[in-house]
Amino acid sequence: MTSNHKKKRNKSNDLKEKITEIEILFRDQIKTMAYEDSLMELDSLLEKLQNDSISLEELQTAYIKAKIYLEHCENLLRKVEQDVLTLDLEDE
């Protein structure tokens, strides 16, 4: 393997580690966030992603955060849906 391939592999591994670290930290930060707050933050990030002057690093970080906000909102909605279904069953 050439040294150029090794450098590319190291950069790729460094980026994967950084992304994993960001995801872990960010998921921990938002785990108690309300649906409405998460949705507002997601909207804000989407606006930021549409900005042409955003750096590649900011783009990557914003994308990761937006993905996590979306997952958080979807999980909260699933929980509410499950609660509603449970209540419907109890009323029968």
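The values are calculated or read from the model by the stated rules, or taken from the named source; none is laboratory data. Remember, predicted model here, so these are calculated numbers, not experimental data. Here the Cβ is made from the backbone with ideal geometry for all residues, glycine too, and neighbour counts use every protein chain on show.
Filtered by the rule that a residue be more than 24 Å from residue 14 (Cβ to Cβ), part of a helix (DSSP H, G or I) and polar (S, T, N, Q), the stretch 39-92 gives 44, 75, 82, 86. The number of residues in the stretch 1-35 being closer than 20 Å to residue 58 by Cα, at pLDDT 90 or above, surrounded by 14 or more Cβ atoms within 10 Å (Cβ to Cβ) and of a type in the set (A, V, I, L, M) comes to 1.
Every listed requirement among (1) modelled with pLDDT under 80; (2) surrounded by 14 or more Cβ atoms within 10 Å (Cβ to Cβ); (3) not β-branched (Val, Ile, Thr) is met by residue 38 save one, (1).
For the stretch 61-92, the set of residues classified as surrounded by 15 or more Cβ atoms within 10 Å (Cβ to Cβ) and under 21 Å from residue 18 (Cα atoms) consists of 61, 62, 64, 65, 66, 68, 69, 70, 72, listed by residue number.
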